[in-house]
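Report on the following structure.
The values are calculated or read from the model by the stated rules, or taken from the named source; none is laboratory data. Quick caveat, the model's predicted, so the values are computed rather than measured. Backbone-built Cβ (ideal geometry, glycine too); neighbour counts: all protein chains shown.
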Ligand SMILES: [Zn+2]
């Protein structure tokens with residue numbers, strides 16, 4: 001349909017410009033946010049990202065970084081539709097196996113102007129107790145799987161440990177693969193399906209400017225997440241929040 005094609009193109013342009021601004025400012029802030037005292041970055045290649053866990057949006061001011069974990073899956077399309085409606089770039093922390101099985105969704109995420117994060121091959125928990133070689137595989141193979149699903153030129157900037165189970169070891173592995181550990185500041189526990197009202201209320205109560213919100217587009221029935229997002233996106237917009245990416 002020619003009409004929907006042109007709408008899609010406009011949407012890409014709109015998101016692209018938002019993202020470009022975010023990255024320009026991200027570069028500005030990167031030097032000051034790097035944790036110089038973080039010993040876990042030792043031995044990382046030159047130009048590697050900080051090994052400190054990112055807990056803020058890339059841009060200063062009244063910004064929010066939305067992140068979606070455990071996909072892509074059956075609910076990712078609905079999340080993408082809503083994000084497009086509000087011109088909201090987001091970051092998707094993907095499971096390698098899921099990305100490989102749903103490459104069309106990975107390509108759409110990128111075409112819509114969003115960013116990708118490595119969430120391991122198959123979401124092992126706890127991650128920190130796994131043998132070193134297994135942790136290396138979980139991070140590096142997932143990055144390759146997501147990159148392959150996204151197609152040529154796909155960039156992955158962050159790593160989020162399953163369940164937030166970061167350790168100096170897995171953070172070091174991630175940094176050596178060019179990935180910054182990515183945390184969050186607001187966890188509405190949407191994965192546990194606490195009810196739409198609970199998800200919405202937690203985000204409204206706990207979000208501060210520059211915050212990172214954790215939600216899930218995969219890993220089970222995410223209809224509550226989608227319904228909550230339908231309320232939160234207009235609320236965030238009314239509150240004057242601008243949608244950003246996480247600090248990288
Ligand atoms: Zn997860």
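Need the failing condition index for residue 37 against (1) at pLDDT 95 or above; (2) surrounded by fewer than 21 Cβ atoms within 10 Å (Cβ to Cβ); (3) assigned to a loop (DSSP other than H, G, I, E, B), just the number.
Single failed check for residue 37: (1).
Can you pull out the residues in the range 189-228 that are under 22 Å from residue 123 (Cβ atoms) and touching a strand residue (DSSP E or B) at 6+ places or on another chain (Cβ under 7 Å)?
Across the range 189-228, the qualifying residues are 190, 191, 212, 213, 214, 215, 216, 217, 218, 219, 222, 225.
Where residues in the range 188-198 are at negative phi and within 16 Å of the ligand (Cβ to nearest atom), which of them is surrounded by the most Cβ atoms within 10 Å (Cβ to Cβ)? Step through it out loud before you land on a result.
Initial filter on the range 188-198 (at negative phi): 188, 190-192, 194, 196-198.
Applying the additional criterion that residues be within 16 Å of the ligand (Cβ to nearest atom) yields 188, 190-192.
Values: 188: 25, 190: 28, 191: 20, 192: 12.
Ranking the qualifying residues of the range 188-198, first place goes to 190.
Restricting to the range 231-248, and then to whatever is surrounded by 15 or more Cβ atoms within 10 Å (Cβ to Cβ) and not in a strand (DSSP E or B), can you tell me which residue is farthest from the chain's Cα centre (by Cα)?
Step one: of the range 231-248, the residues surrounded by 15 or more Cβ atoms within 10 Å (Cβ to Cβ) are 231-233, 236, 241-248.
Then drop every residue that is not not in a strand (DSSP E or B), which leaves 231-233, 236, 241, 245, 247-248.
Values: 231: 20, 232: 17, 233: 16, 236: 18, 241: 18, 245: 8, 247: 11, 248: 11 Å.
Residue satisfying both the conditions and the ranking: 231.
Of the numbered conditions (1) more than 26 Å from residue 111 (Cα to Cα); (2) in contact with a helix residue (DSSP H, G or I) (Cβ under 9 Å, 6 or more places away or on another chain); (3) within 16 Å of the ligand (Cβ to nearest atom), residue 185 fails exactly one; give the number of that condition.
(3)
Among the residues of the range 134-168, how many are within 16 Å of the ligand (Cβ to nearest atom), more than 21 Å from residue 108 (Cβ to Cβ) and assigned to a helix (DSSP H, G or I)?
Looking only at that region, the number is 6.
Being surrounded by 20 or more Cβ atoms within 10 Å (Cβ to Cβ), within 16 Å of the ligand (Cβ to nearest atom) and in a helix (DSSP H, G or I), is that true of even one residue in the range 208-217?
Within the range 208-217, not a single residue is surrounded by 20 or more Cβ atoms within 10 Å (Cβ to Cβ), within 16 Å of the ligand (Cβ to nearest atom) and in a helix (DSSP H, G or I).
What about residue 171, is it outside any helix (DSSP H, G or I), touching a strand residue (DSSP E or B) at 6+ places or on another chain (Cβ under 7 Å), more than 15 Å from the ligand (Cβ to nearest atom) and closer than 16 Å to residue 120 by Cβ? Lay out the reasoning, then the answer.
Working: outside any helix (DSSP H, G or I): no; touching a strand residue (DSSP E or B) at 6+ places or on another chain (Cβ under 7 Å): yes; more than 15 Å from the ligand (Cβ to nearest atom): yes; closer than 16 Å to residue 120 by Cβ: yes.
Answer is no for this residue.
Can you tell me how many residues within the range 113-122 are touching a strand residue (DSSP E or B) at 6+ places or on another chain (Cβ under 7 Å), part of a loop (DSSP other than H, G, I, E, B) and within 16 Å of the ligand (Cβ to nearest atom)?
Within the range 113-122, the first condition is being touching a strand residue (DSSP E or B) at 6+ places or on another chain (Cβ under 7 Å), and the residues that meet it are 114-119.
Still in the running and part of a loop (DSSP other than H, G, I, E, B): 114, 119.
Of the ones still in play, those that are also within 16 Å of the ligand (Cβ to nearest atom) are 119.
Residues meeting the conditions: 1.
Under 6 Å by Cβ, and 6 or more places apart or on different chains, what pairs join a residue from the range 191-203 that is over 15 Å from residue 226 (Cβ atoms) with one that is within 16 Å of the ligand (Cβ to nearest atom)?
202/188
Conditions: (1) crowded, with 22+ Cβ neighbours inside 10 Å; (2) in contact (Cβ under 8 Å) with a residue 60 or more places away in the chain. Residue 178 meets all but one. Number of the miss?
The single condition residue 178 does not satisfy is (1).
Quick grid of which residues meet (1) more than 16 Å from the ligand (Cβ to nearest atom); (2) free of Cβ contacts under 8 Å to residues at least 60 places away in the same chain; (3) in a helix (DSSP H, G or I); (4) closer than 24 Å to residue 176 by Cβ:
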site: 44; (1), (2), (3), (4): yes, no, no, yes
site: 47; (1), (2), (3), (4): yes, yes, no, yes
site: 51; (1), (2), (3), (4): yes, no, no, yes
site: 83; (1), (2), (3), (4): yes, no, yes, no
site: 93; (1), (2), (3), (4): no, no, no, yes
site: 99; (1), (2), (3), (4): no, yes, yes, yes
site: 105; (1), (2), (3), (4): yes, yes, yes, no
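Quick one: is residue 220 in contact with a helix residue (DSSP H, G or I) (Cβ under 9 Å, 6 or more places away or on another chain) and surrounded by fewer than 20 Cβ atoms within 10 Å (Cβ to Cβ)? First the steps, then the outcome.
Values: in contact with a helix residue (DSSP H, G or I) (Cβ under 9 Å, 6 or more places away or on another chain): yes; surrounded by fewer than 20 Cβ atoms within 10 Å (Cβ to Cβ): yes.
Criteria met by residue 220.
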